[in-house]
Amino acid sequence: MSGSFEDSSLFDLFRMEAEEQVRALQTGLIQLEAGASSAATLEAMMRASHSLKGAARIVGLDLIVGLTHAMEDRFVAAQGGRALDSAEIDRMLRATDWLSELEAVAESNVALWLDSNAAAIDACAAGLHGHPSTSAQDTQAADPADAQTAEAAESVAPGSEEPPRIRPDTSPDRQPEKATVASPASMFVGKQDDEKSDRDIFSQQGQEERATRERTVRLTADRFDYLLSLSAEALVSARQLASWGDVLDRNHRAIGKALQLLEDAAESPQARSAVHGELERQVAVLATQIADLDQGTRANERTAERLYRAVLGGRLRPFHEGITGVARLVRDTSRELGKSVKLEILGENTQVDRDILDRLEAPISHLVTNAIDHGIELPAQRAAAGKPAEAHLRLHAGHENGRLVITVRDDGAGIDPEKIRERVIRRNLAPPETIPGLSEAELLEFLFLPGFSTRDTTSVLSGRGVGLNVVQSMVQEAGGAVTASSNLGTGTVFRLTLPVTRSVIRVIRILADGELFSVPMVRVDHVAYIEPEGDAEKPVVRWNDRMFPVIVLASILGLDVQPLPKRPVPLLFSGGFAFAVDRFVDQAELSVRRLDPRLGKIPGVSAASLDENGFPLLILDMDDLVQTAAGRPDLTATSSRGDWLAPHILVVDDSHTVREMERRLLVRSGYTVSTAQNGQEAWNLLRLKEYDLLISDVDMPQMNGIELVTRVRGNPRLARLPVIILSYKDRVEDRNRGLEAGADFYLTKGSFDNGTFLQAVVDLVGEAASAPPGDGN
Amino acid sequence: MSESQRASLFDRPMPPGYRDELQVLMAPEHAKPAPRRGSVLLFQLGPLRLALPTRVTSAASPVMHIARVPHRSGTVLLGLVAFRGEILPCCSVARLLDVAQTETGAARMLILQESPGRLWAVPIDAVLGIRLASEHLSQPPTPLLPHWLSGSFDDDSGVFHLLDDDNLFRQITLATA
C-alpha cells in the first residue's frame, strides 16, 4: 500500500467507487454477452475501468491498476471493432468478482488478500492483454471455465465409482469456435464523416433520453380493467359537455330573438309580455342547466379523482417487497457478531411507490447492520444491564399525514451524546464555544456527516462513518429525510420520512422576484414572518433562540433582488438558513416531472410540474440551495481572513476518489475548492460562478476535458481563466492536444506528485495564504 | 390457348430483333423529376421574413406563460412553456440570430420538432402561411445571416429566407446546454 495518502478514508472512497463501477461493469458485460449492448455501454464500461484504475492507483493497489488497465485496453480495442468473445467476457466477470471481493476486505487484510490472489489476477490481466498465461496454474485460475473443468476432474476421489472425466482437448485446432459478441463499434462503420458523426451524437443522445423515459410498469388485469372502465366513464362525462353546449346555444339564440323582438316592438304591450314570458322561460332553462352542469362537474371531478388514484395505485407495492433481504441480514450479522436479535417487522403491507421501494433496501440494511453492530450489546452485557439476552429490533412502516414513515428501533445501548460531543470537538466540526450548548437532537445530526463515527475501531460491518451519511444521501435522493433519536441505555430509533409516491408531492408555493416556485414540504422546517435584524449585508433572524442567516431566495436563484423591507418578511426555514421570499401563495399537491435533460443540472431546481392552469412550475431543490448558501463567501468562515478570499478552484474528474484526493490536497493548502463530475457539470458551474482556476481530467462522460477547455477559451469571460489538465493520458500527442486546447499545465496522473501539482497551482493562482497574484501589497 | 401453349409463352426463344428494340426503348435518359423541397412555413421574426420546412414545425400556439429558469433564462433560453401537457424549453431564435423582435413582443410560438420527442418552443411575431418552397433558392441577399440560411426565395408577398434547420437545432442545443 502506498504511504503517500495516510488518510484511511480514501480507501473507503475506493470501496464506494469500486462498488459503483463494478455494478456498471457487470451490468454492461451481461448486456454485451446477451447482444443487447450499444456503443454507449462499451463506452461506459471503458470509463468504469478507467475510473477504477485511477482510484486503485491513488490507494496504491498496483495489482488492481494492472487488472483494470488491461480491462480498459480491451474495451478500447472492442470499441475499435475487436469484439469480445464469451471467454473474454467470463474473464472480465471474474475480474469484477475480485473487485467485489476486495470491497469487502478489511483494510488491514488487503495486503494479504492481494498476495493470495496476485498470480490469478496477473494471469487474468495477461489474458485480457492477449498474452498467454505463464503457468498452467495461472491459466486455470484465470480462466474460470478451465478452472471448473480442472476442479471437476480432480473432484473425483480415489476409489469413486464414477469414472474420471477426461479433460477436453484444448488444442487450437480442436477448440470449439468461440461465440463472438457483436461489436457495437461495427454499427458505425461507414459513418465516419465529421458532420455525420456530429449528428449521430445528437441523435444518440435523443435515443438514450427516450430509452430512459420508456420504463415499464406491470399492472394486474383487474386493475387494468378498472382503469379502462374509469376511462370510459371519463369519456362519457366529456361527451355530456357537448350536449350542454347545444342547450346553451339554443338558450342563447332564444334570448337573442326575444331581445330583437323587444327592440322591434318596444311599444307593444303584447310584444313586451311575450318577451317577458320568453325570458322567464329561458331563465328557468338556464337555472336547470346550471344545476345539471354543477352536478356534472362534481361527477367529472369524482371520476377524474378515482382515475388518478387508480393509476397512482398501479405504482404502489407492499413494503415487504422492498426488504426481502433484511431478515437474512439480521440473522447473518447477529450470528457473526455473537449477538442474539429478534427482528419484528410491522406494516409489511404498507403501500409504497415502486420507485421509493427500489431505494429502500440499501439504507434500511445500513441501519439494521449499524443497530446490530453499534447499538445492540452482547448477551452478557445485556444480562448485566438487566435486559433480556435476546435483543429486539423493530422495523415499522406506516403512513402518517400523507407520508411514508419507516422506523428502525433497537433496544440496545443507545448513543452517548457526550461521545458525539467529544468527537465534534476533536474533529473541530463546530466552534468550541457553541459545542456545550448543542442539544441532544443537534448532536445526533453530526452522525450524518461524512466520515463521522463514534467508534474508535472499524470493522467490516461498520464504524467507518460512511454508513449514516450514505443512508441520508439515499433517503434524500428519494425525496425524504432521516432523523435519529436515542436514549442512553435503552435504545436508538432512526426515522425515515419519505413521500408515499415520488409522482406527487406536497409543496408550498411561493413567489420570488414575481415568479411562482414550489418548495417540497418535506424540505421546509418552519415558515414565519419575521423582521430581519443586524447588518444589512448579512441579515439574520432569531427563531427558537437560534440565529439564522437570511438569504433572499431570488438572489440565490440568480433573479433580480429587491432590498429586504423594514418589516416582517415571509421566511422559509430550511437547513439552518431562513430564505426570504416575496410572498407565500398556498399549499398544493403537484405531480412531479423530471426536468428536461437538455437543460442539464439547473442549480437550485430539482424538478418541474404543471399547475392547475396548465402553466409550468419549477420545484426547488432546497438541499442544493442550502449548500449554495453555506458556500457563499459572505456567510462562511473564509471571510474571517479579511477582504481577500482564498482562490476558488474548480476540480473536475469523473472518479470521486481522484476528485476527493485533489480536493483534500488543495483544501489542506488553504484553497477553496468546488468539484464537478464531468465537463458538462463544470461548464454549468463555470458559467454561473467565479473561479480562479480550473483543474480538469480529460476522459469524462458527457463532455470531455479537451472540449471543456476549448469552450472555456472560447468564452470571453472565461478566456483568461488558468487551467491545469490532470490526466492519465501521457503520450506526447495527448499533452499537445491539451496544451493546444488552451491548458496552462498538462500533468499526468501516472507520475503524480503532490509537490509538482501544488507548485503548478501556486504558479497560476498564488499561495492560498498570501495575497492574490498581481496584488502588489 | 392450350395449357401447353400457356406454359411455353415465356419459355419460347427470343423473337428476332427483340433485344435491339428493347435497347432503343430504354436508351433515352428520362428527365429526372425536379427536386422538391417540400412545403415550408413562413413566419415573421422582427424585421425578418423567415421560413422553416414544415417537417420540423409541429404546431403554432399562443404564448401563455413562460416560466423563467433560475440561472439560465435571459439568454437564448427564455424559460419553460407548456404545450399539450408537456413542458418544453422555450428559446429565442431572435436572440440566437441577433435580430430585434417587434415592440409588441412575441404573440405566438412555433413548436419545432428536432426529432421525435425532442421539441422546442420558439416565440415568433406572426405566422404568415404555408407554401411549397421554390425549387431554386437564390443566395441570401442579406449578408447578416448567411450561415443560418439555406437560401432565399421569392414569394408573392416578397422575399423569404429559408433557415437551415440542422444548424438551427445544433445551435439551440449548444446555446441552452
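Please treat every number below as a calculation from the coordinates, not as lab data. Note that the structure is predicted; figures quoted are calculated from it, not measured. Glycine gets a Cβ as well: all are built from the backbone with ideal geometry, and neighbour counts include every protein chain shown.
Cross-linked pairs A:LYS53/A:LYS339; A:LYS53/A:LYS419; A:LYS387/A:LYS419; A:LYS538/A:LYS749; A:LYS419/A:LYS538; A:LYS339/A:LYS419: Cα-Cα separations exceed 31 Å for A:LYS53/A:LYS339; A:LYS53/A:LYS419; A:LYS538/A:LYS749; A:LYS419/A:LYS538. Modelled spin-label separation between A:ALA274 and A:ARG717, with each label point placed 7 Å from Cα along the Cα-to-Cβ direction: 7.5 nm.
Put simply, the amide H of B:ALA126, placed in the peptide plane, has neighbours under 5 Å in B:GLN44, leaving out anything fewer than 5 places away on its chain. Backbone amide hydrogens, once placed in the peptide plane, bring A:LEU84 within less than 5 Å of A:VAL181, excluding anything fewer than 5 places away on its chain. Annotation: the residues A:PHE752, B:PHE160, sorted from fewest to most other C-beta atoms within 10 Å of their own C-beta, follow the order A:PHE752, B:PHE160. For segment A:471-543 versus segment A:308-355, the inter-centroid distance based on Cα atoms is 26 Å.
Working note: Karplus 6.51/-1.76/1.60 with θ = phi - 60° gives segment A:558-564 the couplings x, 9, 5, 10, 9, x, 5 Hz, where Gly and Pro are set to x.
Label-to-label distance for A:ASP97 and A:ASP525 is 5.0 nm, based on points extended 7 Å past Cα in the beta-carbon direction. Between segment A:38-82 and segment A:229-292, the alpha-carbon centres lie 76 Å apart. Shown is the FRET efficiency for A:ASP85 and A:ASP332, computed with R0 = 41 Å from the Cβ-Cβ distance and rounded to the nearest 0.05: 0.65. Where in segment B:146-161 is the amide nitrogen less than 17 Å from a point lying 7 Å along the Cα-to-Cβ axis of B:ASN167? Those under the cut-off are B:146-153, B:160-161.
For A:ASP730 and A:THR297, the difference between the fully extended length at 0.36 nm per residue and the C-alpha to C-alpha distance is 148.8 nm. Simple spin-label estimate for A:SER108 and B:VAL159 gives 8.4 nm between the two label positions (7 Å along the Cα-to-Cβ direction from each Cα). Binning the C-alpha pair distances of segment A:221-314 at 10 Å intervals from 0 yields a P(r) profile of 15, 30, 21, 15, 11, 6, 2, 0 %, listed from the shortest bin outward. Applying 0.36 nm per residue to the separation of A:LEU378 and A:ALA430 and subtracting their alpha-carbon distance, the gain on full extension is 15.4 nm.
With the cut-off at 1.5 for a/c, could you classify segment A:566-632 from its C-alpha gyration tensor as rounded, prolate or oblate? Taking the square roots of the gyration eigenvalues as a ≥ b ≥ c, segment A:566-632 is oblate. Based on the Cβ-Cβ distance from B:TYR18 to B:ALA59, what FRET efficiency comes out when R0 is 56 Å, to the nearest 0.05? Once the sixth-power term is evaluated, E becomes 0.45. For segment A:491-559, GluC sites (Glu not before Pro) are listed when DSSP marks them as loop and at most 15 other Cβ atoms sit within 10 Å of their Cβ; the list is A:GLU537.
A Förster distance of 56 Å, applied to the separation of the beta-carbon atoms of A:ALA119 and A:GLU740, puts the FRET efficiency at 0.80.
For segment A:520-623, trypsin sites (Lys or Arg not before Pro) are listed when DSSP marks them as loop and at most 12 other Cβ atoms sit within 10 Å of their Cβ; the list is A:LYS566, A:ARG594.
Residue by residue, segment A:477-486 carries 3J(HN,Hα) couplings of 4, 8, x, x, 9, 10, 10, 10, 9, 8 Hz when phi is fed to the Karplus relation 6.51 cos²θ - 1.76 cosθ + 1.60 (θ = phi - 60°); x denotes Gly or Pro.
Sequentially through segment A:103-111, phi angles give Karplus couplings (6.51, -1.76, 1.60; θ = phi - 60°) of 4, 8, 7, 4, 4, 5, 9, 4, 4 Hz, Gly and Pro residues having no value and appearing as x. Against the empirical 2.2 N^0.38 Å (N residues), segment A:504-629 has a Cα radius of gyration ratio of 1.04.
Put simply, the amide H of A:LEU404, placed in the peptide plane, has neighbours under 5 Å in A:LEU498, A:VAL500, leaving out anything fewer than 5 places away on its chain.
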